[in-house]
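**Student:** The structure's right below; bear with me while I get my questions together.
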Amino acid sequence: MRKCRVGLVGAGGVAQRHARVLAGFDDVELVGVTDVAPQAASALAAQHGGRARADVAELLATDPDAVYVCVPPFAHGPTEEAVIDAGVPMFVEKPVAVDLGTAERIADLVARRGLRTAVGHHWRYSSLLDEARALLADRPVRMVSGAWLDKVPPVAWWSRRDRSGGPVVEQAAHVLDLIRVLAGEVTEVTAYGNGTPPPVDGADIDSVTTAALRFADGAVGTLSAACVLGWKHRAGLEVLADGLALSITEDGLSIRDADGERHVPADPDAARVAVDRAFINAVRGIGDDIRVPYAEALATQRLALAVADSARTGATVRLAAPTAPTVLSTGVTVDA
Ligand SMILES: NC(=O)c1ccc[n+]([C@@H]2O[C@H](COP(=O)([O-])OP(=O)(O)OC[C@H]3O[C@@H](n4cnc5c(N)ncnc54)[C@H](O)[C@@H]3O)[C@@H](O)[C@H]2O)c1
């Protein structure tokens, strides 16, 4: 069997996870890894296979079948352009950028090239999602309440707005993506940040943010993000429909209805493996279970940035309905 030859750009925390998962697939060979910190690339290659490459050009010169882009939010753009130019299928970690312009430019290039892409919104591969969707199939969602309540992650770029986009874009985007799946598209956002950064050198992000959301189908909801704790407290979503309350996290779904309450556990690692398996399968031409191609991640990015923009400006942000597969305009207007 010819193996799928994969290259990695970025060798930090999430790249190590992908490398570990990919190294466990017998139809994948890691051919190279590049990082602006060469020692990080060398360490990852030594542990999981392949060779450290000097830069993206040298990585692409190995003629990989697929490239994973695992860089921090601020670093997206040039790598994707080079990979698209080479016509290589691309897995991009979320968030796809720190801003909207970069994400729209890459989405446009992807669409023009007809390139196969996937984005790391692995929550979409949770077995709980099918169960939640089935329960909601015959009753409209009335209200959602999403939250990511956590600590400041131990990476220097995270607490800088221009590096990470802030907690909503960088982290709560997983929850916003799930909100879009279960409750549909958001048309209006009004958000508040507390204007107080966490006690970390150079931090300029809000340490708490809360947003009110209005949905196209009439539902309303909230999204809260916090990094004031010393632990990961909760990341997930509550969904209310008539006579039904769902509580969804990465590791379980609680269901309460007229029949009582039950809990369905899930293994969060299964979704993290499934997102890689689906991408590799698609690259190898085996089915197509990519649930978040780049254009779909762009819609989540647009929503996350709308929350961040509203919190920053104090203005309500209206969102146009996404026009798949590619949106070239910003789709966002701001009411003063
Ligand atoms: N889907 C998930 O569950 C998940 C989990 C963790 C992180 N992430 C996302 O992955 C991204 C990276 O997070 P991380 O925890 O790996 O960060 P990290 O800081 O641990 O690693 C990032 C690596 O990228 C390298 N890098 C920076 N700019 C580069 C460039 N231009 N070219 C090549 N390498 C470059 C850095 O040197 C570093 O080694 C973030 O956007 C984060 O949100 C997603």
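**Student:** Tell me, what is the FRET efficiency for Arg234 and Asp257 to the nearest 0.05, using R0 = 22 angstrom and their Cβ-Cβ distance as r? Intermediate results must be reported in sequence, preceding the final value.
**Tutor:** Numbers: r = 22 Å, r/R0 = 1.00.
That gives a FRET efficiency of 0.50.
**Student:** On full extension of the chain, what length is gained from Tyr192 through Arg51, given 0.36 nm per residue of separation minus the C-alpha to C-alpha distance?
**Tutor:** Details: separation 141, 0.36 × 141 = 50.76 nm, distance 4.60 nm.
Gain on extension, Tyr192 to Arg51, equals 46.2 nm.
**Student:** Quick check: residue separation of Ser42 and Met1 times 0.36 nm, minus the Cα distance between them. What number comes out in nm? Walk me through the intermediate numbers first.
**Tutor:** Numbers: separation 41, 0.36 × 41 = 14.76 nm, distance 2.75 nm.
Extra length from Ser42 to Met1 when fully extended: 12.0 nm.
**Student:** In terms of the ratio Rg/(2.2 N^0.38 Å) built on C-alpha atoms, what value belongs to the chain?
**Tutor:** Values: Rg = 19.7 Å, N = 336, 2.2 N^0.38 = 20.1 Å.
Scaled against compact globular proteins, the figure is 0.98.
**Student:** Now for a separate question. Once Rh for region 180-301 is found with the Kirkwood sum over Cα pairs, what is the Stokes-Einstein diffusion coefficient at 10 °C and 1.306 mPa s, in µm²/s? Don't skip to the answer; put the middle values down first.
**Tutor:** Working: Rh = 17.7 Å.
Reported coefficient: 90 µm²/s.
**Student:** From the gyration tensor of the Cα coordinates in region 1-160, what semi-axes in whole Å does the equivalent ellipsoid have, largest first, with each one equal to sqrt(5λ)? List each step's numbers first, then the result.
**Tutor:** On the way: eigenvalues 170, 72, 67 Å².
Gyration-tensor ellipsoid for region 1-160: 29, 19, 18 Å.
**Student:** Note down the accessible area of Lys94, probe 1.4 Å, to the nearest 10 Å².
**Tutor:** 30 Å²
**Student:** Okay, moving on. With unit charges on the beta carbons (Lys and Arg positive, Asp and Glu negative) and the dipole taken about the Cα centre of region 169-214, which residue among Val169, Asn194, Ala183 sits farthest to the positive side?
**Tutor:** Most positive-ward Cα: Ala183.
**Student:** Work through the residues other than Thr196 whose Cβ is under 12 Å from its Cβ and net out their charges, Lys, Arg +1 and Asp, Glu -1.
**Tutor:** Details: positive: none; negative: Asp204, Asp206.
Overall, the nearby charge balance is -2.
**Student:** Rg(Cα) of region 40-85 divided by 2.2 N^0.38 Å?
**Tutor:** The reported ratio for this selection is 1.17.
**Student:** Now for a separate question. Leaving out ligands, DNA and RNA but keeping every protein chain, what accessible area does Phe215 have, in Å² rounded to the nearest 10, with a 1.4 Å probe?
**Tutor:** Approximately 10 Å² for this residue.
**Student:** Give me the angle, in degrees from 0 to 90, between the Cα long axis of helix 100-113 and the longest principal axis of the Cα atoms of the chain, rounded to the nearest 10.
**Tutor:** 60 degrees
**Student:** Which Rg and Dmax, in Å, describe the Cα atoms of region 3-83?
**Tutor:** When restricted to Cα atoms, region 3-83 yields Rg and Dmax of 11.2, 33 Å.
**Student:** When N is the residue count of region 128-243, what does its C-alpha Rg come to as a fraction of 2.2 N^0.38 Å? Write down the numbers at each step before the final one.
**Tutor:** Numbers: Rg = 15.2 Å, N = 116, 2.2 N^0.38 = 13.4 Å.
In units of the 2.2 N^0.38 Å rule of thumb, it is 1.13.
**Student:** Still on this model: Can you compute the helix-only [θ] at 222 nm over the chain? Use -39500 (n - 2.57) per DSSP H run of at least 4 residues, normalise by all residues, nearest 500 deg cm²/dmol.
**Tutor:** On the way: 11 runs with 114 residues, N = 336.
Only helices count here, giving -10000 deg cm²/dmol.
**Student:** What share of all Cα pairs of region 80-172, in percent, falls into each consecutive 5 Å distance bin?
**Tutor:** Answer for region 80-172: a P(r) of 2, 10, 15, 16, 16, 16, 15, 8, 2, 0 percent.
**Student:** Could you tell me what percent of the accessible area of the chain is made up of carbon and sulfur, with a 1.4 Å probe and every protein chain present? Don't skip to the end; give the middle numbers.
**Tutor:** Working: 7380 of 14300 Å².
That share works out to 52 percent.
**Student:** Principal axes first, then extents: for the Cα atoms of region 82-133, list largest minus smallest coordinate on each axis, whole Å, largest first.
**Tutor:** For region 82-133, the Cα extents along the three principal axes come out at 39, 23, 15 Å.
**Student:** Using Cα atoms only, what is the angle between the long axis of helix 127-136 and the major principal axis of the chain, expressed in degrees (0 to 90) to the nearest 10?
**Tutor:** 30 degrees
**Student:** Continuing with the same structure: When the Kirkwood hydrodynamic radius is evaluated over all pairs of different C-alpha atoms of region 13-56, what value in angstrom, to one decimal, is obtained? Provide the component values of the computation, followed by the final result.
**Tutor:** Working: mean 1/r = 0.0971 Å⁻¹.
Kirkwood radius, region 13-56: 10.3 Å.
The values are calculated or read from the model by the stated rules, or taken from the named source; none is laboratory data. Please read all numbers here as calculations on a predicted model, not as lab measurements. Don't worry about glycine lacking a Cβ; one is built from the backbone with ideal geometry, like all the others, and counts go over all protein chains shown. These area figures cover heavy atoms from the full protein model, side chains too; ligands, DNA and RNA do not enter into them. Shrake-Rupley method; radii C 1.70, N 1.55, O 1.52, S 1.80 Å.
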